[in-house]
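First up is the structure itself, then whatever we jot down about it.
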Amino acid sequence: MASIQELSRRRVLRGMLAGSAVTVGLPFLDCFLNTNGTALADGAQLPTVFLNWFFGCGFNPGRWEPSQPGKLTELGPELKALEPFKDKINIFSGFKVPLDGKPGLPHITGPLGVTTGMVPASGQKVTLPSVDTLVADAIGGKTRFRSLEVSCIGVAGGALSRRADNMLNPNEVSPAALYTRIFGPDFRDPNAADFKPDPRVMARQSVLSGVKEQLAEVQVAVGSADKARMDEYLTSLRQLEQQLELELQKPAPLEACSVPKPTEGAPQPGTEVETALTNHRLFMALLANAVACGQTRVLNVALTEGLSTLHKAGSAVVHHTHTHEEPVDPSLGYQPQVTWFIEKIASAMVDMVSTLDSFHEGGGTLLDRMLVWITTDTGYAKLHSLDNIPMLTAGRAGGLVKTGLHVRTAGDPVSRMGLTVQQAMGVQVNSWGSDSMETSKTVTEIMA
Amino acid sequence: MVQNTDGKAAARRWLKTLAAAGCALLGFLVHHSTYAAESASSQKRLVEMRRITQDQYRQIIADVFGRTIKLGGRFEPDQRDSGLIAVGAGEASVTASGYEQYDGMARSIAGQVLDEQRRATMLACRPADPKAADDACAKQFIARIGRILYRRPLTDTELVAEIGIASGATAKVHDFYAGLALSLAGMLEAPQFLFRQEWAEADPEHPGSYRLDAYSKASRLSFLLWNAAPDPLLLEAAEKGELNDTAGLKRQVDRMLASPRVEAGVRAFFADMLSFSSFETLAKDSVLYPKFVSRAPADAQEQTLRTIIDLLVTRHGDYRDIFTTRRTFLTPLLAAIYKIPIETPNDLPDVWVPYEYPENAEQAGIVTEASFVALHSHPGRSSPTIRGKALREILLCQKVPDPPGNVNFAVVQDTSNPEFKTARARLTAHRTNPTCAGCHKIMDPVGLSLENFDTTGGFRLTENGVAIDASGELDGTKFSDPIGLGRALHDSAAATACVVNRLVSYGLGHAPTKADSDWVRNDVAKQFATDGYRFIDLLRDIATSDQFYRVTPPEMRADAGADRHDRSAKPE
Amino acid sequence: MKDWRPALRPSHCRKWLASAGAAAIASLATTGTAAAATKTYVVSWFFMATYSQDGDCPDGLNPSTEQNFRRILSEMGKSPAEIEGLVKAMPGSMYATIGMRGRKDGKPASPYLYPESTPDPHIKTLKGKAGYGFDLDGREGANDFVDPESGEHGVDNQLYRVLGCFVPDRAFPPDRPGYPATMWDMPRDAMPAWLIEVSGIDDASKSGDVTVGIYRATSPITRDTAGQPIADMTFRVSDDPRSYNVVHGHLENGVVTTDKFTFHMLGDVFFQPEFLFKDAKLRLTLKPDGNADGILGGYQDWKSIYWSYSLGGVFNEAVVSLDAPGIYYALKRMADAYPDPKTGENTAISTAYKVEAIPAFIIHPAKPPEKTASAQSSTGAP
C-alpha cells in the first residue's frame, strides 16, 4: 500500500471511481472551490438545476402542438396560457413509446418509457433508474439534498423518481412539512453573517461513520440482489453524511437566497382540483427558494399520478374516468369535461414556469439556469395511446439549451429526449434506452 | 472518530473514507469483524433482509422504551409486492430522503429515552462523571438494549464498536447522556435494526440443507405471531437452543398463541393482506359524501379488524365465515354511514359497540363492510371493476391479466351519448365488446353484486332513481345479492387456498418457492381443512413446521442471480 | 329488493344489546293492525322564520353600528368633534361608555339590564304582508301576515315585525338569516340535539292522524365534512319533562300539522336557555328525500327573547348592528298576548321559527317522563 498521505484525495477517489459502479458523494471541500467556488461567490455561474414536472392523462391531440416545426410562433389552444413564456420553452411532438409487442399498461408503461427508457415485458422488473436519478447521481452529490420529490395530490408512495422499481423515491405531500425539512432547524443560511460549526453535528458524523463500518461487512455476506439494496442504503447514508459535512462549513453566499416565511394555509392534501393547484403553488414557491439557497439541484414535481385522479368538488367522476366515458362533442371536436381538466393542468404549468421565472438572480431569473422537463403518460388518454406523447422543456440550463422551438418528429422514441436532457445536465452518456428505445440521437435542435 | 493530526490517525481517517466508496475497496479495510464475519467463520449465510414496516418499528420502540416515546418523523412508504407489504419489505432499501427521516426519528427517540425524566429508569447505572465517557455504564445500556433492537445479542466486537462510538460522541459534546443517545440513534438507523436480517446455518437434520439460526427463527416466529421483535422469553429460548427442539418450539408457539398479543399479529396480517395501506390516500368527495369525515377511514379499518379478531381469535372460528358473519362492531359514525340505529353506552362518540345484523339483512361479511367497498371505489362513486379486481386479487389470489399490448380503445367511443344511470349500464361496453369482455367478465360481475353499497359503504337501493340490480356471478356460481356473493366466497376453494398462500408468504417474506409450494399444498392446506379452517390452528401449523424455517442461501438457489421476488408491473 | 333496515332494532336482538348494557328500545311492526310507520328526525336548523323582500321595510332598514353609536353619543351630549374622534378610534372606553349609557337617578346604568333607563330609539319595524307562522288568535288583524307557504291568512308573527328590519335578521329562503342562524350553529357541538318523531303514519292513504313528538336528546349532533349534522345518527331521548312534547297531528299530502300545544324545550344559554311556546303549532313537510322542514310557531314570553339579544352586551350590539334597548321597547310595544293581570301589558309575543330536520334514529327512555300539571318554565314566565 502506497503511503496514503502522499495521495491527494482527488487522485485516489478518481482512481476508485473508475472501477466502481457506486457514485461517491464528495464533501464539498476547498479543493473543489478553486474550479467553481469563486464563481459561486460572485454568482456569475450558478449551477444548473433540473426539474422533472409530471402530469397525467396528457392533452388532446391536435390542440397542443404548434402547426409548424421550428421557431415557436403560435401555441395550440391548450397551451395558449404559456404564451408569455413562448421564448423560454420548447415543445416536442411526435415522440412515442414503442412497445415491441410488450403490454401497454395504461398510465404505467408511458411514464416508465419516458423516464427509464424501458418498457417491461409481462412480469418483467424495471431495474433501471429514472432520468432524474441519473442526473442526481451526476450533479446531486454536492448539495444538501440529492433531490427533492413532491406530490401535489398527497401520494407519498411515488412511482416516478426511482433507482429501480424496488427503490422508489417517496414524495413529500405537505408543503408545511417540506418547509420544516428544508428551512427548519437544520438549515444553514448561506448569507448568514456568523457561522459556528456545531459539535453535535461532528458527533453525529462520527456515529454515521460507525454505522457505515459495520455495513461494509454485511455487503460481503449478501446475495447479489440484496447487495444492490445495501448499496442504495449506503448511498443514502452518504447523502446524510454529505448534509452533515455541509453543515460544518460556512456555505458560500447566494444573492438570491432569502429564507421564506413558514408555509401556511396549505389545504389537506387531496385530489380536488383547487386543492391540488394550491398545494402545487405552495410547493413551487418553496422549491424555488430551496434552489436559490443552494439546497438541491434536482427536483421532481408530480402534479398528478399517471392516472389522473383530479376531480371537481361535488363531482362523482374523476379526470381519468372522464377521458374514457365522456363522449367527444361533435361541434367542438373534443371532450369538454376532460378539456376543463387539461386547462387546469395547463394553468398549473404556467404557475410553475412563472414562479421560476420571477425569481431574480444576477441579471436573469432562476428559470435561466434550469432545465424543466415536462412529461406525461399518454398521447391520448381516451385510447391510452403511446403515440405523440407531449413533452416540453422550459429554461435554458444556463445557456446549454436553446429555447423558443417546436421540434417535431415522425414517431421517434421518447428516449431521445431522456438522452438529451441527461446530456444537457452533464451526465456522461452517449446512448440510452432499451430495445427499440435504444438511441444515441440527441435532439440537437435544442442543444446550444 | 477522533480528529487529530497524528499520522496514524490520519491514515485511519483515510481508510474510513475509502470504505465509503463501496465494496470494490473492501480489500483496503481494517478488519473489524462483525456478526457477518463471525457467521462466515461458522458457515452462516445471510439469506434474507426485510425492512421493518412502520407498524413493526412503532411496536418495537413501544416494547423497548414504552408508549410515552413519540416518534418525531415520517416513514418511507412501505412497498407492496405479491399482494403483501411483508414481501415488499424484502426488496425495500432506504432512499436518501428515507434515511434522513429515519435519522431524525432515531435522534428524537434516543433523545427522549435518555432525557432527564427517563434516564433513571432506562439506565440502571450512573456515569462516574456526567460530562465524560463511562464505558462500563455505556456497555450495560448498549448490550441490554441492543439485544432487543437487533433481535440478537451484539457480538463482542459490535459492542466494542458501539461503546467506542458512544465515547467518541461524548468527547465532542461533553455529555455522557447525549453521547450515549447519539450512539443509540446510530443503532436505530443501522441495518441490523432497520432490516430483519435472517441468517442461515447448516441444518444437521438435513445435511446439505440450511435452516435459520436460532435468533432468526425467533424473529420469524415473533413477527408472524405477534408482529413484534422477540420478547425476552423467546430470546432466552433461542439462546438455550430450545427452538431447535420440537417440544421447545411448540412450547413457545403455544405460549405466544395463548397470549393477547396474538391479536396484534393477526391484525397485522389481515391489514396487510386486505391492503389497508391504501387508506392513506383514500379520499371521498366531501360535497357528495359529507358523512365520510376524517375519522371514517380509521373506523372502517378497525371495524373489519375487530370483526376478524372476534371471529378468528376470540371465538376460534372458521376462516370462511368472515365472508358471511353477521356479527360486527360499529361506532356511531359507522352506524350512520350504514344507516343502522345503535345504542352507545353513555352516548360516547368513540365507543365500539358489538352489533349483529338481522337474519334478513343484505349486509354480512367483510366484503360488505366499508373497509372493502369504500376502499375499492372512486372518490365520487362506486366502482364494480375496481371492487371485482380487488376481490379477485386480494381474497382469491387470482391475478387479473394485464390489458393486451395494442388495445384499440377507439371501439368504445360512443357518440350517441346515452345517459347511463347505473354502474351496470355504464359498464355495458365492458360486457358486450369482445376486446374488453375477456378480462372484464372476471371482474365486473363480481363487483356489480356490491352496487348496493355506495362509495362510502352506505347502503342504497337505487342509483340516480333507477333500482339497482345486484345479481352477479363468481366462477360459475350465480347469486342475486351481496349475501349470495358472501356465500360463494365462503364456499370457494380459492379463498381458503389464498389465505394459506398469503399467510405463508407473509411469514416467509417471499412468495412460496417450489419446495414451499409442495409443503403448502400437501401439508398446510390439507391440515387447514382438517382443522375446520381455524386460523389459529393454521398459525400453529405453520409456526411449528420445519419447512417454515428452512432456507436456501443465495448462491445455492436454482435461480441464483435472479431475484426470486416477483416484481411484475403493479396493477392499476 | 326491499330495504331490510328496521327503523329500530327488532326485539330478538335484545339480548345481544343487553350485553352492551342497553336500555329498552321501542319496537315496531309487531303491534297494530295496519303497517303503521314512524319517521324520526334530528333538527338541523332552528331560527326565526324570515321572508325578507324589497319594500317590506318602507321606513328603511335599521342603522349600522357606527350610525347607532353616533346617535347614542349625541344623545349623551357629546359634541360632533368628540363623536368623530371616538368613532374613528373606536377605543375601549367608548364601548364602556355606550355599554353604560343608561341613566338611573343620574348615574350610569346598564342599558341591557335596565333598558328603560335609555330613551326609546324607535327601531324600524317590518311592514310587509308576507310572513310565516300561524293564526294564533283566530282573528284577522291589521298586523297579520299571509303565510307564503301555506297561504294561511291572519298569521300572527309580531316577532318578525320587531326584528325583520335588522340586516342580520333578514334572509329570503332558502337562505338563513345570519344572526339567528349563527346563534343556533355555534353552541351545537355541546348542546343536546332536538328530535322530532312522527308516528302512526298510515302508509296506505298518506293522510290521517299521527302523533308528533318533539324531544331533546342526551347528546349533541356530530358534524360532517360540510359542518352540518351527520344524518342517520342514533340519539337517546332525554326524560327531562321540560323537553318532552307529545301532540296529536294530522298528515295530509306529506304535510303534518299539529293541534295547538304548549311547546317546552331546553336550549342553550348562548341563544336561549329555555323555550316556552303557548298555543304552539308545528307544520312539518315530510320530504321524499328523507328530510323534513317546516314552521313552529306560538306565543313566547318576549322578555326571554329580549335577553337572548341583550346578553352579549355592547359587543353584541357592535358586531351585529343591533340596538338592544330598542328591541326591548319594540317587543314590549308589539307584544300581542297573555296580558299581565296586574299591569295589563302583554307578556307574550307571537313568533314563528323555521325548522329543518334530517333523518335520525331515536331511542326512547325506559319510562317516559310525567308531564307536570302546569308546564311552568323555570324562568317564571307564563
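The numbers here are math on the coordinates, done by the rules we state, and not lab data. Quick caveat, the model's predicted, so the values are computed rather than measured. Every residue, glycine as well, gets a Cβ built from its backbone with ideal geometry; the counts of neighbours run over all protein chains shown.
What percentages make up the Cα-Cα pair-distance distribution of segment A:322-416 when the bins are 10 Å wide from 0?
13, 35, 31, 16, 4, 0
Using only atoms on other chains, find how many Cβ atoms lie within 10 Å of each Cβ of peptide A:154-166 and report the average.
Across A:154-166, the average partner-chain Cβ count within 10 Å equals 4.
Quick one: 3J(HN,Hα) in Hz for segment B:62-67, Karplus 6.51/-1.76/1.60 with θ = phi - 60°, rounded, Gly and Pro as x.
Whole-Hz 3J(HN,Hα) from phi for segment B:62-67: 5, 5, 7, 10, x, 7.
Report the trypsin sites (Lys or Arg not before Pro) located in segment C:199-233 that are in a DSSP loop and have at most 14 other Cβ atoms inside 10 Å of their Cβ, or state none.
Listed in order of number, the matching sites are C:Lys206.
With +1 on each Lys and Arg Cβ and -1 on each Asp and Glu Cβ, how big is the dipole of the protein assembly as shown about its Cα centre, in debye rounded to the nearest 20?
It comes to approximately 2240 debye.
Return the long-range amide H neighbours of C:Gly267 (sequence gap of 5 or more, or a different chain), with a cut-off of under 5 Å between placed amide H atoms.
For C:Gly267, whose amide H was placed from the backbone, the distant partners under 5 Å are C:Glu274, C:Phe275.
Using a ≥ b ≥ c from the Cα gyration tensor of chain B (square roots of the eigenvalues), is it rounded, prolate or oblate, where a/c under 1.5 gives rounded and otherwise the larger of a/b and b/c decides, a/b for prolate?
It is prolate, given that a/c is not under 1.5 and a/b is the larger ratio.
Does anything in segment C:349-365 have its amide N under 14 Å from the 7 Å Cα→Cβ label point of C:Thr285, and if so which residues?
Hits in segment C:349-365 for C:Thr285 at 14 Å: C:354-357.
Return the lysines within reach of A:Lys142: Cα separation strictly under 23 angstrom, same-chain partners fewer than 8 residues apart disregarded; answer none if there are no such residues.
A:Lys196, A:Lys212, A:Lys250, B:Lys16
Report the percentage of all Cα-Cα pairs in segment B:139-252 whose separation exceeds 17 Å, rounded to a whole percent.
Taking all Cα-Cα pairs of segment B:139-252, the fraction more than 17 Å apart is 60 percent.
What do you get for GluC sites (Glu not before Pro) in segment A:169-276 restricted to DSSP loop and a cutoff of at most 13 other Cβ within 10 Å of the site's Cβ?
For GluC sites (Glu not before Pro) across segment A:169-276 that sit outside H, G, I, E and B with at most 13 neighbouring Cβ atoms in 10 Å, the list reads A:Glu264.
For segment B:268-297, which chymotrypsin sites (Phe, Trp or Tyr not before Pro) are both in a DSSP coil and crowded by at most 15 other Cβ atoms within 10 Å?
Hits after loop and neighbour filter: nothing returned.
With respect to the cross-link table entries B:Lys139/B:Lys250; B:Lys339/B:Lys399; B:Lys421/B:Lys441; A:Lys88/A:Lys261, which display a Cα-Cα separation exceeding 32 Å?
B:Lys139/B:Lys250; B:Lys339/B:Lys399
Report the paramagnetic label zone for B:Thr530: residues of segment B:494-519 whose backbone N is under 15 Å from a point 7 Å from Cα along the Cα-to-Cβ axis.
B:519
What's the angle, to the nearest 10 degrees (0 to 90), between helix B:493-508's Cα axis and the longest principal axis of chain B?
10
Could you please tell me the mean projected area of the C-alpha convex hull for chain A, averaged over all directions and given in square nanometres to one decimal?
23.3
Calculate how large, on average over all directions, the projected area of the Cα convex hull of the protein assembly as shown is; give the answer in nm² to one decimal.
62.6
Counting partner chain Cβ atoms within 10 Å of every residue's Cβ in B:163-172, what's the average?
4
Go through segment B:277-293 residue by residue and turn each phi into a ³J(HN,Hα) via Karplus (6.51, -1.76, 1.60, θ = phi - 60°); whole Hz please, and just put x for glycine and proline.
Coupling constants for segment B:277-293: 4, 5, 4, 4, 10, 7, 9, 10, 4, 6, 7, 7, 10, x, 6, 7, 6 Hz.
Rounded, prolate or oblate: pick one for segment C:118-215, where a ≥ b ≥ c are the square roots of the eigenvalues of its C-alpha gyration tensor, a/c under 1.5 means rounded, and failing that, prolate if a/b is larger than b/c, else oblate.
Numbers: a/c = 2.45, a/b = 1.33, b/c = 1.84.
Oblate is the answer for segment C:118-215, as a/c is 1.5 or above yet b/c matches or exceeds a/b.
Under 5 Å between amide hydrogens, which residues at least 5 positions from C:Asn346 or on another chain qualify, with H placed 1.01 Å from N in the peptide plane?
C:Asp340
For a quick check: with amide H placed at 1.01 Å from N, whose amide H comes under 5 Å from C:Arg236's, ignoring anything fewer than 5 positions away on the same chain?
Counting only residues 5 or more places away or on other chains, the set is C:Thr218, C:Ser219, C:Ile363.
So how tilted is helix A:336-357 from the main axis of chain A? Cα-based, degrees 0 to 90, rounded to 10.
30
Other chains' Cβ within 10 Å of A:311-317 residues: what's the mean?
6
Return the inverse of the average 1/r over all pairs of distinct C-alpha atoms in segment B:112-173, which is the Kirkwood hydrodynamic radius, in Å to one decimal.
12.1
Expressed as an acute angle from 0 to 90° and rounded to the nearest 10, what is the orientation of the C-alpha long axis of helix C:80-89 relative to the principal long axis of chain C?
40
Looking only at trypsin sites (Lys or Arg not before Pro) in DSSP loops with at most 11 other Cβ atoms within 10 Å, what is the longest site-free stretch of chain B?
B:71-572
Using the Karplus equation 6.51 cos²θ - 1.76 cosθ + 1.60 (θ = phi - 60°), what ³J(HN,Hα) coupling, rounded to whole Hz, does each residue of segment B:263-271 give in order, writing x for Gly and Pro?
Here the 3J(HN,Hα) series is 4, 4, x, 5, 4, 4, 5, 5, 4 Hz.
Under a straight-distance cross-link criterion of Cα-Cα below 21 Å, which lysines are reachable from C:Lys88, leaving out those fewer than 8 residues away in the same chain?
Candidates past the 8-residue exclusion: C:Lys78.
Per-residue ellipticity at 222 nm for chain B, helices alone: DSSP H runs ≥ 4 residues times -39500 (n - 2.57), over residue total, nearest 500 deg cm²/dmol?
Result for chain B: -13000 deg cm²/dmol, rounded to the nearest 500.
Based on the alpha-carbon gyration tensor of segment A:142-183 and its eigenvalue square roots a ≥ b ≥ c, which shape applies: rounded if a/c is under 1.5, prolate if not and a/b is larger than b/c, or oblate?
Oblate is the answer for segment A:142-183, as a/c is 1.5 or above yet b/c matches or exceeds a/b.
Students often forget the sequence filter, so: which aspartates and glutamates lie under 13 Å Cα-Cα from C:Lys367 once same-chain residues fewer than 8 apart are removed?
C:Asp239, C:Asp240
Of the cross-linked pairs A:Lys96/A:Lys382; C:Lys281/C:Lys303; B:Lys291/B:Lys389; C:Lys39/C:Lys206, which ones have a Cα-Cα span greater than 19 Å in the structure shown?
Going by Cα-Cα distance, C:Lys281/C:Lys303; B:Lys291/B:Lys389 fall outside the 19 Å limit.
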